[in-house]
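Visitor: There's a structure below that I have some questions on.
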Amino acid sequence: MSALSDIIQKLRSRLDTWAALTILLLLQSAVTCLSLIKVANFQSYIHFSRERVWIAVAIAVAFSVVSLLFAAARFSFGYFVGFYFYTMILGFLWIDVFSEYSYERLLAGCSAAYSLMLFLLPVLFIRAPFRQLVVLSNAAFEHLLTAILAISIGTIAVASTYNFRMVAIADIYDYRARCNFLEWCDISSAGSPARCCRSPSPATGCSAIAGAPAWC
């Protein structure tokens with residue numbers, strides 16, 4: 001047992017340096033990107049293209065510089081949350097390069113990267129607590145927690161009435177495909193309010209020709 005403790009202690013002493021942490025952080029970034037290449041083989045909504053891989057590598061390498069902040073900061077709860085967000089945003093930037101969906105990919109990537117930077121700087125390096133403008137008493141804090149719990153339960157109860165099903169994890173995508181959240185809006189009559197329904201049919205008064213799928 002003492003031998004194992006000595007090994008762990010030596011390993012911690014070697015890893016507890018800026019250079020070692022930097023190497024581990026860069027390796028973690030590389031493994032994250034490599035794992036997404038493998039995931040693309042099993043998930044159809046995650047795309048990968050060899051023609052654009054050099055762009056993704058360049059973006060990932062440039063963004064990995066952000067991980068050096070974790071080598072300089074002390075561990076805290078903000079460190080833990082920030083590292084999770086860093087990994088998530090790095091994965092998004094990688095997937096964003098290969099995405100075939102129609103949206104402003106450059107704007108989305110820049111927004112995600114800047115948002116992470118603005119989040120990491122205070123959570124990693126601000127140690128002094130902020131001055132509290134309002135200090136709740138113990139009783140008021142307990143009432144606040146009760147109110148949050150009641151609102152959460154009410155939200156879950158209302159949300160469960162919309163396409164809620166108890167299914168196995170393996171079947172979640174099959175049931176999700178059956179959920180139709182789009183409403184068809186008949187806007188063929190000028191000057192009259194649009195009629196919206198879940199699906200086009202003569203019984204509901206909406207037609208697929210006159211209507212168009214929209215969030216109504």
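The values are calculated or read from the model by the stated rules, or taken from the named source; none is laboratory data. Since this is a predicted model, take the numbers as computed values, not measurements. All Cβ positions, even for glycine, are placed from backbone atoms using ideal geometry, and neighbour counts span all protein chains on display. When the accessible area is computed, the model is the full protein with side chains, heavy atoms only, and any ligands, DNA or RNA have been set aside. Shrake-Rupley method; radii C 1.70, N 1.55, O 1.52, S 1.80 Å.
Visitor: If you scan the range 98-113, which residues turn out to be assigned to a loop (DSSP other than H, G, I, E, B) and either modelled with pLDDT of 95 or more or surrounded by 11 or more Cβ atoms within 10 Å (Cβ to Cβ) (or both)?
Guide: The one that is assigned to a loop (DSSP other than H, G, I, E, B) and either modelled with pLDDT of 95 or more or surrounded by 11 or more Cβ atoms within 10 Å (Cβ to Cβ) (or both): Ser99.
Visitor: Restricting attention to the range 121-134, does a residue exist that is part of a helix (DSSP H, G or I), open to solvent by 90 Å² or more (accessible area, probe 1.4 Å) and of a type in the set (Lys, Arg)?
Guide: no
Visitor: Pull up the range 67-92, narrow it to residues that are part of a helix (DSSP H, G or I) and open to solvent by less than 20 Å² (accessible area, probe 1.4 Å), then point me to the one that is farthest from Leu34 (Cα to Cα).
Guide: Gly78
Visitor: Among the listed residues Ser35, Ser29, identify the single one that is surrounded by fewer than 14 Cβ atoms within 10 Å (Cβ to Cβ), of a type outside the set (Phe, Trp, Tyr) and assigned to a helix (DSSP H, G or I).
Guide: Being surrounded by fewer than 14 Cβ atoms within 10 Å (Cβ to Cβ), of a type outside the set (Phe, Trp, Tyr) and assigned to a helix (DSSP H, G or I) holds for just one of Ser35, Ser29, which is Ser35.
Quick grid of which residues meet (1) in contact (Cβ under 8 Å) with a residue 12 or more places away in the chain; (2) among the aliphatic types (A, V, I, L, M):
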{"position": "Tyr101", "(1), (2)": "no, no"}
{"position": "Val123", "(1), (2)": "yes, yes"}
{"position": "Phe130", "(1), (2)": "no, no"}
{"position": "Leu136", "(1), (2)": "no, yes"}
{"position": "Ala150", "(1), (2)": "no, yes"}
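Visitor: Taking the stated definitions as given, is Ile95 among the aliphatic types (A, V, I, L, M), open to solvent by 90 Å² or more (accessible area, probe 1.4 Å) and outside any loop (DSSP other than H, G, I, E, B)?
Guide: So Ile95 fails the test.
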